[in-house]
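Asks: I have a structure I would like to understand better, so I am pasting it below and will then ask my questions one at a time.
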Amino acid sequence: MSFTQRFQPFVCEGDSISCEVQGFEITARIVRDDCPDAPDERQDGFWPSLYKDVPGFIGPGPNHRQRFAEALAKAEAVMAAWRKDEWCYCGIVLSVALEGVTLDAHAASLWGVEANYPDSDNAYLTEVAQELLPEALDAGRNAARRLCAALETSGARA
């Protein structure tokens, strides 16, 4: 069971991919994360450091100053792209449907995922959707069981 479609190298909120597993249609969609925190506020060690007791420590060894300069330039580029709204954090949200009826619109999700991150092809977005697929499928099965039990209790037949 897997997604055969992939998220595009550039995504927008609402973009989605779908697959069918055991009769269920699973859709993974991009939802913009509503947490406004910048990358350096979300991630300890975002900014590189030459101090061993500080998150982001580059480590000792040869060329540590060069590695620091390169890491600093990358962090500055990531922050510049963030400020220009060229990339964002998002959630990958999976929904489950059966025969066109949505059983669970939020069957599984992961938030705080980088979308359109500098020098990324967004392949990670599809990997996240793939990892969430079993959880979404379980949620779909559970929703279908509850629906069948409710129909039986009410005397209706599906």
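Asks: So which residues in the stretch 104-137 are among the aromatic types (Phe, Trp, Tyr) and either surrounded by fewer than 14 Cβ atoms within 10 Å (Cβ to Cβ) or not in a helix (DSSP H, G or I) (or both), if there are any at all? Spell out how you get there, then give the answer.
Replies: First, pick out the residues of the stretch 104-137 that are among the aromatic types (Phe, Trp, Tyr): 111, 117, 124.
If the condition is that a residue be among the aromatic types (Phe, Trp, Tyr) and either surrounded by fewer than 14 Cβ atoms within 10 Å (Cβ to Cβ) or not in a helix (DSSP H, G or I) (or both), then 111, 117 are the ones that fit.
Asks: Search the stretch 1-10 for residues being modelled with pLDDT of 95 or more and of a type outside the set (A, V, I, L, M, F, W, C), and hand back the single one that is farthest from residue 134 (Cα to Cα). Reasoning before the result, please.
Replies: As a first pass, look at the stretch 1-10 and keep what is modelled with pLDDT of 95 or more: 6-10.
Retained after the next criterion (residues that are of a type outside the set (A, V, I, L, M, F, W, C)): 6, 8-9.
Details: 6: 17, 8: 22, 9: 25 Å.
It comes out as 9.
Asks: Six or more apart or on different chains, Cβ atoms under 6 Å: show the pairs whose first residue is in the stretch 78-101 and without any contact (Cβ under 8 Å) to a residue 40 or more places away in the chain and farther than 16 Å from residue 28 by Cα and whose second is assigned to a loop (DSSP other than H, G, I, E, B) and among the acidic types (Asp, Glu).
Replies: From residues that are without any contact (Cβ under 8 Å) to a residue 40 or more places away in the chain and farther than 16 Å from residue 28 by Cα, there are no pairs.
Asks: On the given criteria, is residue 140 exposed (fewer than 14 other Cβ atoms within 10 Å of the Cβ) and over 17 Å from residue 8 (Cβ atoms)? So that I can check it myself, show each step before the final result.
Replies: Details: exposed (fewer than 14 other Cβ atoms within 10 Å of the Cβ): no; over 17 Å from residue 8 (Cβ atoms): yes.
Answer is no for this residue.
Asks: Oh, and also: Quick one: which residue in 56, 45 is buried (at least 16 other Cβ atoms within 10 Å of the Cβ), at positive phi and not assigned by TED's automatic domain parsing to the domain that holds residue 115? If you could, list the steps in order and put the result at the bottom.
Replies: Numbers: 45 fails: buried (at least 16 other Cβ atoms within 10 Å of the Cβ).
Result: 56 is the single residue among 56, 45 that is buried (at least 16 other Cβ atoms within 10 Å of the Cβ), at positive phi and not assigned by TED's automatic domain parsing to the domain that holds residue 115.
Asks: Here are some conditions: (1) surrounded by 14 or more Cβ atoms within 10 Å (Cβ to Cβ); (2) not assigned by TED's automatic domain parsing to the domain that holds residue 107. Residue 28 meets all but one. Which one does it not meet?
Replies: (2)
Asks: Under 6 Å between Cβ atoms, which residue pairs at least 6 apart in sequence (or on different chains) link something in the stretch 134-154 that is within 10 Å of residue 104 (Cβ to Cβ) with a partner that is in a helix (DSSP H, G or I) and among the aromatic types (Phe, Trp, Tyr)?
Replies: Every condition considered, no pair remains.
Asks: Quick one: in the stretch 59-91, of everything that is outside any helix (DSSP H, G or I) and under 26 Å from the mean Cα position of the chain (by Cα), which residue is surrounded by the most Cβ atoms within 10 Å (Cβ to Cβ)?
Replies: Going residue by residue through the stretch 59-91, those that are outside any helix (DSSP H, G or I) are 59-63, 84-91.
Checking the rest, the ones that are also under 26 Å from the mean Cα position of the chain (by Cα) come to 84-91.
Details: 84: 8, 85: 8, 86: 13, 87: 19, 88: 17, 89: 20, 90: 24, 91: 20.
Going through the qualifying residues, I end up with 90.
Asks: Taking residue 96 and the conditions (1) among the hydrophobic types (A, V, I, L, M, F, W, C); (2) exposed (fewer than 14 other Cβ atoms within 10 Å of the Cβ); (3) in a strand (DSSP E or B), which numbered condition does it fall short on, given that it satisfies the others?
Replies: So the condition that residue 96 fails would be (2).
Asks: Out of the residues in the stretch 11-35 that are among the polar types (S, T, N, Q) and farther than 11 Å from residue 93 by Cα, state the one that is modelled with the lowest pLDDT.
Replies: Quick first cut of the stretch 11-35, residues among the polar types (S, T, N, Q) only: 16, 18, 22, 27.
Still in the list and also farther than 11 Å from residue 93 by Cα: 18, 22.
Details: 18: 97, 22: 90.
The qualifying residue modelled with the lowest pLDDT is 22.
The values are calculated or read from the model by the stated rules, or taken from the named source; none is laboratory data. A quick note: this is a predicted structure, and the numbers were derived from the prediction, not measured. Every residue, glycine among them, receives a Cβ derived from its backbone with ideal geometry; neighbour counts consider all protein chains shown.
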